[in-house]
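Scroll down for the structure; my scribbles are underneath it.
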Amino acid sequence: MAQKKVYAVKRGRKAGLFTSWDDCKAQVDGFPGAIYKGFPSRQEAEAWLFDAPETISLFDDEKDKPRPRASLASAGHDNAKEEPPGDYIVYTDGSCLRNPDGPGGYAAVIVDTRDGSMRELSGGEASTTNNRMELRAGIEALRALPDGATVDFYTDSQYMKNAFTKYWLRNWKRNGWKTATGEPVKNQDLWRALDEAFSLRTVRFHWVKGHAGNRWNERCDELARSEAAKFS
């Protein structure tokens, strides 16, 4: 028996994966600027839809994972245990031209999976560090989204990733914002702001390898460097 084709919709009435052409067509037929494609396997469809070569989930325990949205079944998804895209897909990056204390920039690309629209945001500072710009990118991106939104958040920053996946942030908070050696946490102001921004939304945290051909990661890097260059 031939393998059933899988359809991916990046821009349409509903974004996501569909297991029949009729379900896919209902999302794209007559929709201005619809973006969709058929694939022989779910793996290929997901790779194209998310355009991310490598991810690491924040959620170590199954019970901590966000539940699929109620629209999952109606969207033609054939496995209710798999996660549909969040309300938003966010890529962020930060840059510092002469790290530390050189000119820096931050940037984010935000995709609204519900209507396929995309926007970019960026900014910079005359004297900063790469880590501060990475954190600032995450803060500004999440603040641009409504409270309660479900977000697939991609970063190439090990510094940011490890704070969540290795529970640094949780331990810092328990220790009164002190490290294991009793020193004050660096960039505490930004960590506090990022923690608040995360708490107001359902964030699924991913890591993507930097400078590896991911177009959204590369775009964020380009924007961040451009912002930093304004101060040099």
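Annotations for the structure displayed:
- Whether the stretch 96-232 is rounded, prolate or oblate, judged on the alpha carbon gyration tensor where a/c under 1.5 counts as rounded: oblate
- Modelled FRET efficiency - R0 41 Å, residue 186 with residue 117, Cβ distances, 0.05 increments: 0.70
- The GluC sites (Glu not before Pro) of the stretch 191-232 include none that DSSP puts in a loop with a beta carbon having at most 12 other beta carbons within 10 Å.
- Cα gyration tensor, the stretch 169-222 - rounded (a/c under 1.5), prolate or oblate: prolate
- Only beta bridges with both residues in the stretch 78-232 are counted; by DSSP, about 65 percent of them are antiparallel.
- Normalised per residue, the accessible area of the stretch 126-232 is 47 Å², obtained with a 1.4 Å probe and no contribution from ligands, DNA or RNA.
- Of the trypsin sites (Lys or Arg not before Pro) in the stretch 135-182, the ones in a loop by DSSP (not H, G, I, E or B) with at most 15 other beta carbons within 10 Å are 166.
- A simple charge model with +1 on the Cβ of Lys and Arg, -1 on the Cβ of Asp and Glu and nothing else charged puts the dipole of the stretch 77-232 at about 580 debye relative to its Cα centre.
- Tensor-based shape of the stretch 151-190 (alpha-carbon gyration tensor, a/c under 1.5 rounded, otherwise prolate or oblate): prolate
The values are calculated or read from the model by the stated rules, or taken from the named source; none is laboratory data. This one's a predicted model, so the numbers in the text were calculated from it and none came from an experiment. Note that we place each Cβ from the backbone using ideal geometry, even for glycine, and neighbour counts take in every protein chain shown. Remember, those area values only see protein heavy atoms, side chains included, never the ligands or the DNA or RNA. Shrake-Rupley method; radii C 1.70, N 1.55, O 1.52, S 1.80 Å.
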